[in-house]
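Asks: Can you read through this structure? Questions will come right after.
The values are calculated or read from the model by the stated rules, or taken from the named source; none is laboratory data. These numbers come from a predicted model, not from an experiment. Here the Cβ is made from the backbone with ideal geometry for all residues, glycine too, and neighbour counts use every protein chain on show. For the accessible areas, the whole protein counts, side chains as well, though only heavy atoms, and no ligand, DNA or RNA atoms are used. Shrake-Rupley method; radii C 1.70, N 1.55, O 1.52, S 1.80 Å.
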Amino acid sequence: MLFRLNHLLFRKVAAVALISGLVFPALGSQEPSPASPDDVAMHRFVSDLLGKMTLDEKIGQMSQIAYHKPDNVSPEERIRSHEEHIRKEQVGSFLFITDPAEINRLQHIAVDETRLHIPLLFGFDVIHGFRTIYPIPLALASSWDPVLVERVQSMAAREASSAGIRWTFAPMVDIARDARWGRIMEGSGEDPFLGSRMAEAQVRGFQGTIGDPDRILACVKHFAGYGAVAGGRDYDQSDISDEQLWNVYFPPFHAAETAGATTFMAAYVDLNGVPASGNHFLLHDVLRQDWGFKGFVVSDWGTVQDLVTHGYASNPADAAARAVNAGVDMEMTSHDYRDTLAGDVKSGAVSMETINNAVRLILEAKYKLGLFANPYVAPGRAAQELASPEQRREARIAAQRSAVLLRNEVNTLPLNKAMRSIAVIGPLADSKPDTMGSWSLAGNPADTVTVLAGVRAKVGAAMQVRYAKGVEIERDNVSIFDDQFSSPLPTLITPEQKERAFKEAIETVKSSDVSVLVLGELQSMSGERASRATLNLPGDEERLLEAAVATGKPIVLVLLNGRPLDITWAAQHVPAILEAWYPGTEGGNAVADLLFGDAAPGGKLPVTWPRSVGQEPLYYAHNLSQIPNDRDAMYWDESSAPLYPFGYGLSYASIAVKHLRLSSAELRAGGIIEATAALENASKSDGDQTVELYTHQRAGSASRPVRELKGFVRVHLKAGEKRSVTLPLHADDLRFWSAATHRWELDPGVFDLWVGDSSAATEHTTFTVQP
């Protein structure tokens, strides 16, 4: 009955607002702007609700509770505590609840048993799928297919929303140029242009039309600079120049904001001496003032209280004041807001206007989602959506299109289906958690198809499939998500047992026509709190690989991993290497499709692949050095050239990119020129080619990178097909923030332009930017 009264109030206030035709100022901007009828209704409803709220109730909306967070109490006591917080209106959001029945139960308490009947917002880390796990974000970026990525995240939103989740802490859009950093797997790689296109696609996929019951709020993270932590060490400080911030690290965040992202997350890191959750420059000057962001900002896990840990705030009250004054509207999991903000308001450290602005933004997000009108998840909806045939079909396609063929000598791939036997070897060949990958928190390993299972399903009884694990790999220390989210540790075995397992694997290789070695990293070796000081194949995997090659039998290496690894030896000795990343629920079927030619690899690297860890950080868009023609010899004891360049990836087809021409030799501010290239598939196989466009500014107000990606398109060509592809180049894409002038510039002068199939493209011409 209380909810019904609240619902009627909602409809009445909305109707009054529609009639009144009010105009409200956009938060974060200096001038008022005309509001749509829907916005008028929302502002009127939220303003009316705000006027009824006490300070404590407002602070409650600014607080998020982690449902499973250990508090040294029993689960029953924890649940009672959560219920009490709801009844006292001391919580606005919950994290880590995925049971629809429990979500509805808690929602009923919020709506039916509180004074204001404000619904809760349930959030979860839907990073690359919910129950159905899709390829990791770094893999999705390898597709170079924003349409695919948007579809993937819309499917993930369908699953999550069917369980009552309406807010995801994704996409992560941090630029990462150091493969040692564990969370490189969670983003789109090293390039701001590619990263921006992937950021936009993910926001559109998650959110769609906000209020659609199949969609959820996106939360763009981690603002900002987390991907540049010193030494690739997770949580360490970031020191980034203004030039790099504006030209490299900010663009994907800005693209996500422009695409309509509703929420942002402040980063863990200390950026240039100021922790992100207390960084007024980031959260106000850039995000709200420069970009006009109108959504709300949430802290990362415990980062408000960590302002004290950083040595930035003196105590919890100081931390809460600094965070909210900087622009953090909601505190995740810690409770400095709940405990100290009221005192901060009374002391004058925080203004009531600041509190009201934060709460307004949170309530507006709930309103847009439709939670005030329909706060509950429909019973039975999850059973129809979770791991449905449609979800699995899309996951298989995504894994196929995300894989990158790194090497294929003497046409080792695709494999001949007429073979008598195949060996599937390695510690990851039949590991479901390691096929899913890190951040598969709601995934069910029972749903997952491993590479071994995929190969067996592919060949059926027509071919003998032999399996041997060969070696064990393990991560010695615990991961951030405890044992429930980590790969299971192997059973302790003796050195003699290890050696027998190793020999069994090699004998299996010898007795088979071809062997597929599935190697890489445990999923717990990649992700949060999973940085590495080395990039070697862990454990005895390298020894296993070299021994398998030494048999003289055909070897295919399939990699399951979340970062580039040191495979320099393999790149010289293994005839075929397929980078599958962590491919998700349907990963094994997708890999089998690719191995046997029922799908064609067409992915491209979103990162520069190093030869060794000593080259990190390594990226293609560096500036010209003192010895530009001898850059690959900048180390005396190792080549400084990458093993594989950014944008690289092979296909079963041979598709040439040639005959580059421009629509004009001149480009003016606000204008566009078009680059057209001819594509020809001279092979007998259908396949994909991604045409990539790069530019270089020869001279101007500041030195610029040797090449910068400014356009791309992935196309499919049938065997023997010829086609021309046209890529637009906008003058605005050539603008950059100049450290010399401290403003955005479009310098006149000569620019180089290349098109091709990687950042090493050779089809070249020039054009001139006119003032």
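Asks: Scan segment 58-76 and tell me whether some residue there is modelled with pLDDT under 95, hydroxyl-bearing (Ser, Thr, Tyr), within 29 Å of Val345 (Cβ to Cβ) and in contact with a Leu (Cβ under 7 Å, 6 or more places away or on another chain).
Replies: Within segment 58-76, one or more residues are modelled with pLDDT under 95, hydroxyl-bearing (Ser, Thr, Tyr), within 29 Å of Val345 (Cβ to Cβ) and in contact with a Leu (Cβ under 7 Å, 6 or more places away or on another chain).
Asks: Here is a follow-up. Here are the criteria: (1) among the polar types (S, T, N, Q); (2) closer than 23 Å to Ser531 by Cβ; (3) open to solvent by 10 Å² or more (accessible area, probe 1.4 Å). Tell me which single one Asn561 does not satisfy.
Replies: So the condition that Asn561 fails would be (3).
Asks: Out of all the residues in segment 242-253, is one or more under 19 Å from Leu121 (Cβ atoms), of a type in the set (D, E, K, R) and not in a loop (DSSP other than H, G, I, E, B)?
Replies: No: zero hits.
Asks: For segment 260-312, which positions are polar (S, T, N, Q) and either farther than 25 Å from Ile65 by Cα or assigned to a loop (DSSP other than H, G, I, E, B) (or both)?
Replies: Those that are polar (S, T, N, Q) and either farther than 25 Å from Ile65 by Cα or assigned to a loop (DSSP other than H, G, I, E, B) (or both): Thr262, Asn272, Asn279, Gln289, Ser299, Thr303, Gln305.
Asks: Hey, another quick one. From the list Val591, Val556, which one is under 27 Å from Gln400 (Cβ atoms), open to solvent by less than 10 Å² (accessible area, probe 1.4 Å), hydrophobic (A, V, I, L, M, F, W, C) and under 24 Å from the mean Cα position of the chain (by Cα)?
Replies: Just one listed residue meets the conditions, Val591.
Asks: Related question: Quick check: anything in segment 145-154 without any contact (Cβ under 8 Å) to a residue 60 or more places away in the chain, under 21 Å from Tyr367 (Cβ atoms) and touching a helix residue (DSSP H, G or I) at 6+ places or on another chain (Cβ under 7 Å)?
Replies: Looking through segment 145-154, none of the residues is without any contact (Cβ under 8 Å) to a residue 60 or more places away in the chain, under 21 Å from Tyr367 (Cβ atoms) and touching a helix residue (DSSP H, G or I) at 6+ places or on another chain (Cβ under 7 Å).
Asks: While we're looking at this one, here's another question. Return the residues of segment 510-524 that are surrounded by fewer than 23 Cβ atoms within 10 Å (Cβ to Cβ) and over 16 Å from Ala576 (Cβ atoms); say none if nothing qualifies.
Replies: Lys510, Ser511
Asks: Continuing with the same structure: I'd like the residue in segment 283-307 that is of a type in the set (A, V, I, L, M) and more than 19 Å from Ile59 (Cβ to Cβ) and, out of all such residues, is surrounded by the most Cβ atoms within 10 Å (Cβ to Cβ).
Replies: The extreme case among them is Leu287.
Asks: Continuing with this model, one more query. Please indicate, with yes or no, whether at least one residue in segment 405-413 is at pLDDT below 95 and of a type in the set (Val, Ile, Thr).
Replies: yes
Asks: Kindly check whether there is at least one residue in segment 466-479 that is assigned to a helix (DSSP H, G or I), open to solvent by 10 Å² or more (accessible area, probe 1.4 Å) and either touching a Leu at 6+ places or on another chain (Cβ under 8 Å) or modelled with pLDDT of 95 or more (or both).
Replies: No - not one qualifying residue is present in segment 466-479.
Asks: Still on this structure, please answer the following. For segment 207-227, which positions are among the aliphatic types (A, V, I, L, M) and open to solvent by 10 Å² or more (accessible area, probe 1.4 Å)?
Replies: Once the filter is applied, which keeps residues that are among the aliphatic types (A, V, I, L, M) and open to solvent by 10 Å² or more (accessible area, probe 1.4 Å), segment 207-227 yields only Ile210.
Asks: Would a scan of segment 572-583 turn up a residue that is more than 25 Å from Gly189 (Cα to Cα) and among the charged types (D, E, K, R)?
Replies: Within segment 572-583, not a single residue is more than 25 Å from Gly189 (Cα to Cα) and among the charged types (D, E, K, R).
Asks: Same structure again: In this structure, does Tyr376 turn out to be of a type in the set (Phe, Trp, Tyr) and outside any helix (DSSP H, G or I)?
Replies: yes
Asks: Here's a follow-up. For segment 174-196, state whether one or more residues are open to solvent by less than 30 Å² (accessible area, probe 1.4 Å), part of a strand (DSSP E or B) and closer than 28 Å to Glu102 by Cβ.
Replies: no
Asks: While we're looking at this one, here's another question. Could you tell me which residue of segment 611-633 is modelled with the highest pLDDT, considering only residues that are closer than 21 Å to Val248 by Cβ and in a helix (DSSP H, G or I)?
Replies: Gln615
Asks: May I pose another question? Can you tell me which residues in segment 601-614 are surrounded by 21 or more Cβ atoms within 10 Å (Cβ to Cβ) and not charged (D, E, K, R)?
Replies: Pro601, Gly602, Gly603, Leu605, Pro606, Val607, Thr608, Trp609, Pro610
Let's see how each residue does on (1) buried (at least 16 other Cβ atoms within 10 Å of the Cβ); (2) farther than 18 Å from Arg661 by Cβ:
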position	(1), (2)
Lys710	yes, no
His716	no, yes
Gly720	no, yes
Pro728	no, no
Ala731	yes, yes
Arg735	no, yes
Arg743	no, yes
Leu746	yes, yes
Trp754	yes, no
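Every residue, every condition in (1) assigned to a loop (DSSP other than H, G, I, E, B); (2) surrounded by fewer than 21 Cβ atoms within 10 Å (Cβ to Cβ); (3) small (Gly, Ala, Ser), yes or no:
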{"residue": "Tyr635", "(1), (2), (3)": "yes, yes, no"}
{"residue": "Ser640", "(1), (2), (3)": "yes, yes, yes"}
{"residue": "Phe646", "(1), (2), (3)": "yes, no, no"}
{"residue": "Arg661", "(1), (2), (3)": "no, yes, no"}
{"residue": "Ala677", "(1), (2), (3)": "no, no, yes"}
{"residue": "Lys684", "(1), (2), (3)": "yes, yes, no"}
